[in-house]
Every structure is written in structure tokens, then in C-alpha cells.
Amino acid sequence: MAEVTLNPAVFSKISKDVKLPAYDRSKVRSGIFHFGVGGFHRAHQALVMDNLFSQGLAENWGICGIGILNQDKMMRDVMQKQQCLYTLVEKETSGKLNYRIIGSMVEYLFAPDDVNVVIERLTQPEARIVSLTITEGGYNVNPATGEFDLDVVKDDIKNLGQPKSVFGIVVEALRRRKERGLKGFTIMSCDNLQENGHVARKSFLAFATAVDASLAKWMDENVTFPNSMVDRITPVTTSADRKTISEKLGVTDLWPVVCEPFLQWVLEDKFVAGRPPFEKGSVQLVPDVEPYELMKLRLLNAGHQAIAYVGLLLDYEFVHDAMQDSLIVKYLQAYMDREATHTLKPLPGIDVSDYKAQLVERFQNSYVRDTLARLAVDGSDRILKFVLPVIQHRLAKKEPIWMGVAIVATFAFYANGKTDSGKSIEIVDRNSDKLKALTDKLRVDEKGIKSQHTLFGDSVDNAAFVDTFNEIYKKLQTVGTSKTIEWLIQKN
């Protein structure tokens, strides 16, 4: 018997305690075109739009998902089979599961099938927001220079009619809009980057400048790049999740999403072609996102890095298991309280002590089952963007950097690919070759960190950073992770 997958025709068969779309999806028209459809996007932006549609609002702001990578073929196939529907499950700390079918994505395009179809859709007047979750490393910024790396996209620059990158596709669509006398649109980054809107602006304008300086000037005047901060833990969907959720539905959901109950989205109100009433979907619209993004990046995201490497070195698999270890909890709290918190700006309406306590509770949620391995993927990007700004801020003030540098040192030690007990760790990192070169060098040169500008930026030129790193790394080599963390916690 053929598998019955999630689709509108089976809604009547689904359990009554599963929340269904409370609106007519046939009336929803695409206005947001999103690159990088994964769990994170589907657990926050798509949910917010679903909430608005359920209130009878924003029907011209439906989501058209866009995939550009080969691995996006699976998402294309699932979205086609399920008419872009999927289940979102919020896992509370009590174990309660809240099931909901999300219907805010009404189209999905796979650029490699026909990139011109994607470009032409982006030239249409209804395309008013292009949003992005393309990962921290997806903005093609050289970590050593801070500049957009044109060499990576040189083929797109030479062949504008058949681009493969998000930069080539979006800039070519904007070029056609300019040529046809149309207005620009908003490019809205939702990735975990400080000043993600500024980063996106720099990358897209650098690409456009390489194509045509007059196009870049037009974009600067006709495209806006709001900063944003999104906070919601969304682990990878497992086979067990798929099985449990499909059994609950009574039909098969090929790619559901699981997440924690917590959701915060802070967004700069800077939209050149209009926007949905985000504020009615629990989005906090502000003139300046930076204080909130610093809080999230330096506490949650850097906190994830703090526990990821020590947890993996100590043979833990899941975040919640590592966070049952009182030593790891104290280490995380020491990093947040002693160092990261002191680099934050004033946060109107936020109690930072409460936020940090809530982070510990969120990380201890055993039902989310987030893995340390997920947190460690592309750690070289994450360390550079989340942890090093804290270190650099404190170096500039000549303040202690032990806890921040400990994250860097445990990351470098983890890159050896072995736990303290000798088990193998799979290193999944876009800079894995550079990490291997680093670990090889550290075996023969205790100051091998000094040459690693690509991985750690200008920090490696600072004697205090190098000396602190060397002392912690040597401890990890000689006494192991637990005793090193104990030693660090005892420092003032």
C-alpha cells in the first residue's frame, strides 16, 4: 500500500489535538522569498507568518522557499509531496509535546532545476522581501581580511545568466528590476551573525560592484538590509522524531521540525518595499538590534560553543546530558558571568540574570535532545563570530580572558578528533584542513596558534591571547578536560 503523506486532503483524519492551519491557504500569495529552508527557518519565520495568517492578516506575504544547493533536493521533493506543509512540534521541559501543522510556505523552488525561473520570480512586484538563513559561513566573508571573497563566486560574475550562488541569483534579479524600472526589495538576514544586515549588505554590494558599479549604487539606494536576532533552539530532526510525529498524525510527515518552546525575534524596522505586521506575530521591532543580538550571540551562541567541545571531549552526546554535569554548568556560568556579560550593552526591558538562568534551563531540556555534534559543526566559523568578539572586547580593556580563551583552546583540542577516553570524534568543519594543520603544528610548536589568522583573526597577534591559550592547551594535554575546567573555575 502506498505511503500516505501529509497533505490538505488528510486533515480530517489527523488527531484533534494537532493544530491545523486556521486559514484558507489558497488565498495566500507569496511575498517573502526565502533562501535556506531548514529547521531553523521553519521553526521561527514560517511560524510567525502562520500566526499572522491565522489572524486573517498578511495574506500577500506568503513564503516561497528557495533551495540552491544539491542537498536541497530532498527538501524540494518533500515540499512537493506535502504541498509545502510540515509539522512543528514544540517540546516543553515537562515532556509535553505541542503539535501544529504549518501552512505559511505556499511554494518551493529549486534553483538548479531552472535558475531563470527563480530569478524571474524575484523580478516580480510581489517579491518584496528576500530572507536568508544560509548559515554563518554563507556570506562568503574572508575571516582574515573581513572582505567578501570574490574568487569563490567568480564563475557567477562571468556568467550572470546562469548563477549558482545566492549572490548571483539575487543580484541578477535586482539588475533586471533596475533595467525594467521596478523598485528594489528588502534583503533580510536571519543568520546568527553580529549585525547580520550589515554583513549581508556588504556581501551583496561587493558582488554587485564586481558586476557593475552603477548597479551597486542603485542597490544601495533601493535595497534595505535590516539587522535581526532570532533565538530558538532547533535540533536536527531525527528518524525517531519522524516516526513519533507520523504516528501521532496518522499519516507520514517526511520532514517535520522539532524545537523548544522559547522564541524571540528582534528585528530592525527597515523595509524598503513594505512588510507584514510582524509586531502582531510577537516580533519585537526596534530601531537598534545590536544590544539584543550581542546578548544572544555572546551568551547563547557562544555558550553553546562553551559546552560543545568540553562535552564532546568528556564523551557526552546530547546537550542536556552535558548540562547535568555540574562542572560543565559551572564552567558555562563562569564564562557568562565573569566575561561575556561585561561586554554587553544596556538592554531595555531585559533582565540579563534571568536570561542567563533561563539559558541553563533551556540547555537542560531533555526532550529537545539537541546534540553536541550539531553545535560543533563548522565550529571554526562559530568561534570566530561568537567567541572571539568577547575576547577582543576584553583584551582591549586589558581584562581577564581565561574563560573565553578556554572555549578556543577546547575547540582546538577537540580538533584532534579524540575524546579524553580515546574515542573518535567526527570533525565536520568547512576548515577541517586548516584545523588539522593547527593540531599538527601544536604538537611540535607550543606557540603554533600564532600563525592561525584564518581561524582566529588578529587575536593571534596578541601576546596575552597566545600565552593564555598555550597555558590552557597544555593543561588539556597533561591533565585532561575535567581537571582543566576545575582549574579554570577556581580562577578569580
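Couple of notes before you dig in:
- Given charges at Cβ of Lys, Arg, Asp, Glu: the chain dipole, positive-most of Ala306, Leu150, Thr234: Thr234
- Residues whose placed amide H lies under 5 Å from that of Ser30, excluding near-sequence neighbours: Gly62
- Restricting the stretch 426-492 to trypsin sites (Lys or Arg not before Pro) in coil, as DSSP defines it, with at most 16 other Cβ within 10 Å: Arg430, Lys447, Lys491
- Distance from the stretch 230-284 to the stretch 306-338 (C-alpha centre basis), Å: 26
- Accessible surface of Met74 - all protein chains present, 1.4 Å probe, nearest 10 Å²: 110
- Annotation for the stretch 371-425: trypsin sites (Lys or Arg not before Pro) lying in DSSP loop with at most 13 further Cβ atoms inside 10 Å of their Cβ are Lys397, Lys398, Lys423.
- When each of Lys345/Lys397; Lys202/Lys397; Lys356/Lys483; Lys330/Lys397; Lys280/Lys385; Lys73/Lys436 is checked by Cα-Cα distance, pairs over 21 Å: Lys202/Lys397; Lys356/Lys483; Lys330/Lys397; Lys280/Lys385; Lys73/Lys436
- Residues with amide H under 5 Å from that of Asp378, placed H, sequence gap 5 or more: Val428, Asp429, Arg430
- Along the stretch 476-486 the Karplus relation, 6.51 cos²θ - 1.76 cosθ + 1.60 evaluated at θ = phi - 60°, assigns HN-Hα couplings of 4, 5, 9, 10, x, 5, 4, 5, 5, 5, 4 Hz to successive residues, with x for each Gly and Pro.
- 222 nm mean residue ellipticity, helices alone, for the chain (DSSP H n ≥ 4; -39,500 (n - 2.57); rounded to 500): -12000 deg cm²/dmol
- For the stretch 36-55, backbone nitrogen atoms closer than 16 Å to the point 7 Å from Lys280 Cα along Cα-to-C-beta are found at 48-55.
- Between Val10 and Ser54, the simple spin-label model (points 7 angstrom out along Cα→Cβ) gives 2.2 nm.
- When DSSP beta bridges are restricted to pairs lying wholly in the chain, around 30% turn out antiparallel.
- Rough spin-label spacing in nm, given labels placed 7 Å along Cα→Cβ, for Ala240 and Arg180: 4.9
- Potential lengthening of the chain between Asp458 and Lys418 amounts to 11.6 nm, from the contour at 0.36 nm per residue minus the alpha-carbon distance.
- In sequence order, calculated HN-Hα J values of the stretch 426-443 (Karplus, 6.51, -1.76, 1.60; Hz; x Gly/Pro): 7, 8, 10, 7, 5, 10, 4, 5, 5, 5, 5, 4, 5, 5, 4, 5, 5, 6
- Between Ala144 and Leu97, the FRET efficiency from the beta-carbon distance, with R0 = 45 Å, is close to 0.50.
- Set of aspartates and glutamates near Lys491 by C-alpha distance (under 14 Å), chain-local residues within fewer than 8 positions excluded: Asp337, Glu339, Glu399, Glu471
- 3J(HN,Hα) along the stretch 59-65, derived from phi through the Karplus expression 6.51 cos²θ - 1.76 cosθ + 1.60 where θ = phi - 60°, amounts to 5, 8, 10, x, 9, 10, x Hz, with x in place of Gly and Pro.
- For the chain, the Kirkwood radius over C-alpha pairs fed into Stokes-Einstein at 10 °C and 1.306 mPa s yields D = 67 µm² per second.
- In the context of the full protein assembly, His304 retains an accessible surface of approximately 10 Å², using a probe radius of 1.4 Å and ignoring ligands and nucleic acids.
- Solvent-accessible area, 1.4 Å probe, carbon plus sulfur percent, for the chain: 49
- Estimated dipole of the chain in Debye, rounded to 20 [Cβ of Lys and Arg +1, of Asp and Glu -1, Cα centre]: 340
- Mean Cα-pair separation over length for the chain, i.e. relative contact order, pairs under 8 Å, 6 or more apart, %: 14
- Ligands, DNA and RNA are left out, and with a 1.4 angstrom probe the accessible area of the chain is 41 Å² per residue.
- At most 11 other Cβ within 10 Å, DSSP loop - trypsin sites (Lys or Arg not before Pro), the stretch 1-109: Lys16, Lys96
- Less than 5 angstrom separates the built amide H of Phe318 from those of Leu372, all sequence-distant by 5 or more or on a different chain.
- Cβ-derived FRET efficiency at R0 22 Å, Ser326 paired with Tyr367, nearest 0.05: 0.55
- Net length available on complete extension from Val479 to Leu347 is 43.5 nm, with 0.36 nm assigned per residue and the Cα-Cα distance removed.
The values are calculated or read from the model by the stated rules, or taken from the named source; none is laboratory data. Being a predicted model, the structure only gives us computed values, none of them experimental. When we count neighbours, we look across all protein chains shown, and the Cβ atoms used for this are built from the backbone with ideal geometry, even at glycine. The protein model used for the area step is the full one, side chains on, heavy atoms only, and it has no ligands, DNA or RNA in it. Shrake-Rupley method; radii C 1.70, N 1.55, O 1.52, S 1.80 Å.
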